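The values are calculated or read from the model by the stated rules, or taken from the named source; none is laboratory data. All values reported here derive from a predicted model rather than from experimental measurement. Virtual Cβ from ideal backbone geometry, glycine too; neighbours counted across all protein chains shown. For accessibility, only protein heavy atoms count, side chains too; no ligands or nucleic acids. Shrake-Rupley method; radii C 1.70, N 1.55, O 1.52, S 1.80 Å.
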Amino acid sequence: MDRDIAETFGGLVRDIINNKKLWSSYATSPEIHLEKLPGRWNCLSSFQKLLVIKVFRPEILLLACIDYVRKEVGQYYIENSAGTIEDVYQDSLNTSPIVFILSQGADPTIMVLKFAEDHKYRDKMAMLSLGQGQGPTAKRLIQAAQVRGDWVLLQNCHLAVSWMPQLELIVENISDSVHKDFRLWLTSFVCKEFPVSVLQNSVKMTMEPPSGIKANLKLTYTTLKEEDLTHPKKPDEYKKLLFGFCFFHAIVQDRRKFGPIGWN
């Protein structure tokens, strides 16, 4: 493999030294992943070009990889096509929890509460953010909900590492005799202390912040009810105003991933 790399990129350093201006223009391009490589190097494969970008602009590599996947296998594979909470709920059972695997910037709490409200379960849903000393309270909520057929949402399981063995026992002991409407909802970042058996016996949904304006818009509109999309007196004006707010919100959300630069 080392020989292949040497043959492919042999002379690259010398070419950069001899054509500093050309390579400097390429390296400082704001969209380097869309630029052609200088001179004969543009004949490199798409993957080999990723290696060059990694050397010059490692902070652009993620965008370059997304563009690479889009070109090689299609747009479908870079779009967030995650299922909805409704899909997850339909696949769930009273004996297996629903686990939301979190990432930075994503919180399913509002969506879960809205889902509970739509199913007239908002008043029958107990919510608890786990942390120091919250284990016994969580256990009591689960035991009561199993009898009454309520829902329990335990947030941030990764913050209650010492209680995870207890959670594992609770889930293992959930039998078919519990109320058929009982549901246990869990949210957690990825952590090695989270019980493997709970993951294996649960319905899982990965929560990631939407990437791109289109994905942000789709997420916003999926959270709106039909009555939220219309206005009895001025339907046309209302739809335009609603879209304007949603579009602005999508732009603000998408700018966050660029940090301070995103607000310049």
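Let's see how each residue does on (1) under 27 Å from the mean Cα position of the chain (by Cα); (2) modelled with pLDDT of 90 or more:
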{"residue": "88", "(1), (2)": "yes, no"}
{"residue": "110", "(1), (2)": "yes, no"}
{"residue": "114", "(1), (2)": "yes, no"}
{"residue": "117", "(1), (2)": "yes, no"}
{"residue": "130", "(1), (2)": "yes, yes"}
{"residue": "136", "(1), (2)": "no, yes"}
{"residue": "142", "(1), (2)": "no, yes"}
{"residue": "145", "(1), (2)": "no, yes"}
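Whether any residue in the range 136-148 is more than 17 Å from residue 189 (Cβ to Cβ) and part of a loop (DSSP other than H, G, I, E, B) is what I want to check. For the range 136-148, residues more than 17 Å from residue 189 (Cβ to Cβ) and part of a loop (DSSP other than H, G, I, E, B): absent.
Candidates 124, 192, 120: the one that is within 21 Å of residue 85 (Cβ to Cβ) and out of contact with any helix residue (DSSP H, G or I) (no Cβ under 9 Å at 6 or more places or on another chain) is 120. Look at the range 106-123: where a residue is in contact (Cβ under 8 Å) with a residue 60 or more places away in the chain and a partner is among the aliphatic types (A, V, I, L, M) and part of a loop (DSSP other than H, G, I, E, B), sitting 6+ places away or on another chain with Cβ atoms under 7 Å, you get 106/207; 108/207. Among the residues of the range 57-68, is any of a type in the set (Ser, Thr, Tyr) and at pLDDT 90 or above? Yes, some residue in the range 57-68 is of a type in the set (Ser, Thr, Tyr) and at pLDDT 90 or above.
Among the residues of the range 48-57, is there at least one that is open to solvent by 60 Å² or more (accessible area, probe 1.4 Å) and under 26 Å from residue 208 (Cα atoms)? Yes, some residue in the range 48-57 is open to solvent by 60 Å² or more (accessible area, probe 1.4 Å) and under 26 Å from residue 208 (Cα atoms).
In the range 5-30, the residues that are farther than 23 Å from residue 60 by Cβ form no Cβ pair under 7 Å with any partner that is open to solvent by 100 Å² or more (accessible area, probe 1.4 Å), whether six or more places apart or across chains.
Condition check ((1) in a helix (DSSP H, G or I); (2) among the β-branched types (Val, Ile, Thr); (3) surrounded by 13 or more Cβ atoms within 10 Å (Cβ to Cβ)) across all residues:
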{"site": "233", "(1), (2), (3)": "no, no, no"}
{"site": "238", "(1), (2), (3)": "yes, no, yes"}
{"site": "245", "(1), (2), (3)": "yes, no, no"}
{"site": "254", "(1), (2), (3)": "yes, no, yes"}
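Does residue 263 meet the test of being open to solvent by less than 70 Å² (accessible area, probe 1.4 Å) and touching a helix residue (DSSP H, G or I) at 6+ places or on another chain (Cβ under 8 Å)? For residue 263, the condition - open to solvent by less than 70 Å² (accessible area, probe 1.4 Å) and touching a helix residue (DSSP H, G or I) at 6+ places or on another chain (Cβ under 8 Å) - is not met. Among the residues making up the range 12-35, a single one is open to solvent by less than 40 Å² (accessible area, probe 1.4 Å) and assigned to a loop (DSSP other than H, G, I, E, B): 29. When the test is whether a residue is over 16 Å from residue 185 (Cα atoms), open to solvent by 80 Å² or more (accessible area, probe 1.4 Å) and out of contact with any Asp or Glu (no Cβ under 6 Å at 6 or more places or on another chain), residue 132 passes it. Hey, among 199, 186, 167, which residue is surrounded by 19 or more Cβ atoms within 10 Å (Cβ to Cβ), under 21 Å from the mean Cα position of the chain (by Cα) and not in a loop (DSSP other than H, G, I, E, B)? Residue meeting the stated conditions: 186. Each residue in the range 66-125 was checked for being over 30 Å from residue 34 (Cβ atoms) and either open to solvent by less than 70 Å² (accessible area, probe 1.4 Å) or out of contact with any Asp or Glu (no Cβ under 6 Å at 6 or more places or on another chain) (or both), and 38 of them qualify.
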